[in-house]
Amino acid sequence: METSAEVQNRLRNLFESQRLAVVATQNGGQPYASLVAFVATDDLRHLFFVTGRTTRKFSNMLSDSRVAVLVNSSVNQESDFHEAISITATGIAEEIKDPERRDILKLYLSKHPYLEDFAKSPSCALIRVTARSYYMVQNFQNVMEFHIDR
Amino acid sequence: MTWIISTENIQQEDGQRVGGKGYALALLAKGGFAVPKTLCVTSQTYQEYVRRTGLRERILLELNRKSFKDMRWEEIWDCATRIRNMFLRKPIPADISGQLKQAIHAAFHDKAVVVRSSAPEEHDAVSSFAGLHESYVNIQGTDAILEHISKVWASLWSDAALLYRQEIGLDVTKSAMAVVIQEIIVGDKSGVAFSKNPNDTSQGVIESVYGLNQGLVDGAVEPDRWILDRQKKTIISHTPAERTHWVIAGESGVRLDALPEKLANLPPLNTQEARHVFELALKAENYFKSPQDLEWTIRQKDLVVLQSRPITTLAPQKNGDSRSWYLSLHRSFENLKHLRDKIENELIPAMIAAADKMARRDLSKLSDQDLAAEINHRWEINQKWTNIYWEEFIPYAHGVRLFGQIYNDAMHPEDPYEFIDLLTHTEMASLERNQMLADLANRIGNNPSLAKALHEGQTENLDPLFLEAVNRFVEKFGDLTCAVTGGTQCEQAPDGLYKILLEMAAHLPTEADRQPMKDKEALQQKFLSMFEGEQKKTAVELLDLARSSYQLRDDDNIYLGRIEAQLLAAVREARQRIDARLHGGSNKKIAAELLKVVESLDHRPQFQPPYQQKPENGFVIQARQLIGQPAGPGLAKGPARVIEQTADLAEFKYGEILICDAVDPNMTFVVPLAAGVVERRGGMLIHGAIIAREYGLPCVTGIPDATRLIRNGDEVTVDGYLGIVTIGSAEL
């Protein structure tokens, strides 16, 4: 069995190698999924992404801050079924404001420098997802859960 | 990785990464030609810079906001301006800039240099980028040289370069740029030489000017021209220029100066020198095994080659070469100064006089025949001024663009359109009109019985003072709800105007609503403090020119509107006569000429029908978030008011979002009521954007099909920071 340190490394490697994640929000029981450019902290406790304030996902998160985030390594090939790793995080989303926002933006833009105009726009919000649990799927159907102790 | 390489170390395999110009210079040096000391910053340096700073993807994001073929040239210019600013604001990573500085210092110490583009595509010799990318002459100090390397890189993405690449089908994602840094040779006379005349292959051509080559290359100085016989190496003809100016090195950069009188009557080259230059061109042709286009200079007695490239136009071109057209998109400062003089002192006064002359004519006293002739006459006057508008006034808008580039180069602002703040709050005619409207609205706001009478449509016994003010307004600016340029069927009635005035009166601005004036004075001082001596004088002149150009962009339409109003007045008189005699029981016959001329004018611009949602196989399409261009910062939400024809403006309500195809200045009077502006036509310097910026409103332009995809009353959010319009509910 993998040690906790090994699992954490696996998560970290996936989060570093992937640029995009799928974020799930809901409104009145209707789930809604969106693609976002994300970055994760080294301690795996937080995921960050930027969204426009006029978007559905933003308005959904205002009414219900519970979200799920999916990151995976598939490359749209048949081999994905045995090779790809998927990680779903569940947690709470909230908007980060200055002064913390400035520091987090640095981290965010070091991974996504091309999103500078978007991320710095006053019409966009920087969202922090505080992860409660991770669900890791590999070898097609092997699922392990990791819960973060608070 | 090799960031910078000296010409003597360039090998054959380096051709691609040092670009066409760099490689040709290396070969010339090896072949024993006299060339200036030269370093090449490789295209790998460019690629590493755009990769590490994220600029590579940022540029492509910018270029892919919408399909390139759907972009108006103005939008491409905006795109290029934003990209250029990215280069100016993103420093070269320290490890690379350190190596560059070291090599530059070792080669040139503190000597001034020329920083030139060297496009790798040019190395293939199928396409010539001559003149499309920028070169900077007389740059001193490693920091300044590095900054100019960035500017040369940015010129890869200029509007002209983008259009040209698109036309010859080059993949923009593969574009890269090498840069040549040359010791400056301050020649007494300079020029170009074509070893083979593209128009007659038995001949060669030399062009020459006094001073530096820059004046010849950018067209500011007319050159003397020699045609030579390739076989006999003799001069066939010499066409002297009107020698008035030369370009010389200033403290930094170059400047255009009056040519000293003793040189004005003397050709820059004597016969012997012209033949000497031509022999050099033939030698280069022989060396490269293809006809050459040579840039050269003579310092004292020394003839030096500055660059050499194959003459591409000798090969039959499939599509023709329209580079000159793209280059003509940009006007020089000198050219714009002449244009300004003509517009301000000749065209505008003539335009006002033409409108006044027509206004003085009492139409009711004309016979039917004379009225018909008058309509034709006015139609011609209107056509004439519409043509002048396109030929003279539109190009003058380049004054704003030229200033924008100089401002951004000096200031590196976060907002690439900050420069507009120095141009706004000038005395635009449309602002004067809006002020008059606000005064009328104030009268209604402070007079409940007047407001009541207007509400109830009791317009017979209105306050004479108020009516007089309304008439003054209509006389000056015409009926606001009449279309301009193209419309000939306008029924003039003040009802539309009253509607707008009532709406304005119900929402009179408070002190708190007024735009805080930005500290324009401080910004102006800061901008001018970036220059010294001669350059400062030019900067002051350029700012003045830009203000006039900015103001005219709005005023010209207002003046054109006045001309058209006179045509409309004559047509209206004709229609009233026809109506009166058809329905008024008069026995007097209508002159055939008059009927004919009125019928011939029966055309109006057709508006597109609004977008209809028709379910197809149960599939309904609806726009949610549309991407255009950010044209005025801010975020606002409100019900949409879609303007399909000018008369719709009368329905405009306070707090609505103005959605239109193209705002012309004659429509902008509703802007003070609007919460935001969305326009199909794209660009930062179009009227809708200019007026939105004046009033501090969020504005998005360049949304294709805006008036079709958005319906009246739709809830719309305008994100003027990112250039996005969201339709449907959104949290703010």
Subject >> Candidate set from region B:514-545 (those that are modelled with pLDDT under 85 and open to solvent by less than 70 Å² (accessible area, probe 1.4 Å)); member that is nearest to B:Tyr417 (Cα to Cα) >> reply: B:Lys520
**OP:** Test B:Ile5 against the stated conditions and say whether it is of a type in the set (A, V, I, L, M, F, W, C), free of Cβ contacts under 8 Å to residues at least 60 places away in the same chain and on the phi < 0 side of the Ramachandran plot.
**Re:** yes
Subject >> Selected residue (only one of A:Thr51, A:Thr3 is surrounded by 20 or more Cβ atoms within 10 Å (Cβ to Cβ) and either modelled with pLDDT under 95 or within 14 Å of chain B (Cβ to nearest Cβ) (or both)) >> reply: A:Thr51
Original post:
Applying the selection to region A:54-92, what residues are within 14 Å of chain B (Cβ to nearest Cβ) and open to solvent by less than 50 Å² (accessible area, probe 1.4 Å)?
Top reply: A:Thr54, A:Thr55, A:Lys57, A:Phe58, A:Ser59, A:Asn60, A:Met61, A:Asp64, A:Ser65
Subject >> region B:135-194, residues that are basic (Lys, Arg) and part of a helix (DSSP H, G or I) >> reply: B:Lys151, B:Arg165, B:Lys174
Subject >> Conditions (1) under 30 Å from B:Arg56 (Cα atoms); (2) loosely packed, with under 15 Cβ neighbours inside 10 Å; (3) within 14 Å of another protein chain (Cβ to nearest Cβ); (4) not hydroxyl-bearing (Ser, Thr, Tyr): number failed by A:Glu116 >> reply: (2)
Subject >> Residue count for region B:336-373, restricted to those that are of a type in the set (Lys, Arg) and touching a Leu at 6+ places or on another chain (Cβ under 9 Å) >> reply: 2
**OP:** Please specify each residue of region B:198-230 satisfying the condition of being touching a residue at least 24 places away in the same chain (Cβ under 8 Å), over 25 Å from B:Thr7 (Cβ atoms), open to solvent by 10 Å² or more (accessible area, probe 1.4 Å) and polar (S, T, N, Q).
**Re:** B:Thr201, B:Ser202, B:Gln203
Original post:
Within region A:119-149, how many residues turn out to be out of contact with any strand residue (DSSP E or B) (no Cβ under 6 Å at 6 or more places or on another chain), among the hydroxyl-bearing types (Ser, Thr, Tyr) and more than 13 Å from chain B (Cβ to nearest Cβ)?
Top reply: 0
**OP:** Exactly one condition in (1) in contact with a helix residue (DSSP H, G or I) (Cβ under 6 Å, 6 or more places away or on another chain); (2) modelled with pLDDT of 75 or more is not met by B:Ala483; state its number.
**Re:** (2)
Subject >> Only listed residue being closer than 23 Å to B:Leu422 by Cα and of a type in the set (Val, Ile, Thr), chosen from B:Ile690, B:Ile643 >> reply: B:Ile690
Original post:
Do any strands (runs of 3 or more DSSP E) lying entirely in region B:565-684 carry at least 1 residues that are surrounded by fewer than 17 Cβ atoms within 10 Å (Cβ to Cβ) and at pLDDT 80 or above, and which ones are they?
Top reply: B:625-627, B:635-643
Subject >> Number of the exception - B:Arg51 against (1) more than 22 Å from the chain's Cα centre (by Cα); (2) open to solvent by less than 30 Å² (accessible area, probe 1.4 Å); (3) within 14 Å of chain A (Cβ to nearest Cβ) >> reply: (2)
**OP:** Run down B:Asn64, B:Asn85 and say which single residue is among the polar types (S, T, N, Q), without any contact (Cβ under 8 Å) to a residue 12 or more places away in the chain and within 14 Å of chain A (Cβ to nearest Cβ).
**Re:** B:Asn64
Original post:
Do we have B:Leu697 as more than 14 Å from every other protein chain (Cβ to nearest Cβ), in a loop (DSSP other than H, G, I, E, B) and closer than 15 Å to B:Leu635 by Cα here?
Top reply: yes
Subject >> So B:Gly215, is it assigned to a loop (DSSP other than H, G, I, E, B) and modelled with pLDDT under 90 >> reply: no
Subject >> Subset of region B:16-48 (residues that are away from chain A (no Cβ under 14 Å), surrounded by fewer than 20 Cβ atoms within 10 Å (Cβ to Cβ), under 22 Å from B:Val172 (Cα atoms) and at pLDDT 90 or above) >> reply: B:Gln44, B:Gln47
Original post:
Among the residues of region A:94-106 satisfying the criterion of being touching a residue at least 12 places away in the same chain (Cβ under 8 Å) and within 14 Å of chain B (Cβ to nearest Cβ), which is surrounded by the most Cβ atoms within 10 Å (Cβ to Cβ)?
Top reply: A:Leu105
Subject >> Flag if A:Glu116 is of a type in the set (Asp, Glu) and touching a residue at least 12 places away in the same chain (Cβ under 8 Å) >> reply: no
Original post:
So which of B:Val186, B:Val192 ends up being surrounded by fewer than 18 Cβ atoms within 10 Å (Cβ to Cβ) and under 30 Å from B:Leu266 (Cβ atoms)?
Top reply: B:Val186
Subject >> helices (runs of 4 or more DSSP H) lying entirely in region B:336-426 (those with 2 or more residues that are over 23 Å from the mean Cα position of the chain (by Cα) and either on the phi > 0 side of the Ramachandran plot or surrounded by 18 or more Cβ atoms within 10 Å (Cβ to Cβ) (or both)) >> reply: B:348-360, B:368-388
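The values are calculated or read from the model by the stated rules, or taken from the named source; none is laboratory data. These numbers were taken from a predicted model, which means no experiment stands behind them. Please note: Cβ atoms are built from the backbone with ideal geometry, for glycine as well, and neighbour counts cover all protein chains shown. For the accessible areas, the whole protein counts, side chains as well, though only heavy atoms, and no ligand, DNA or RNA atoms are used. Shrake-Rupley method; radii C 1.70, N 1.55, O 1.52, S 1.80 Å.
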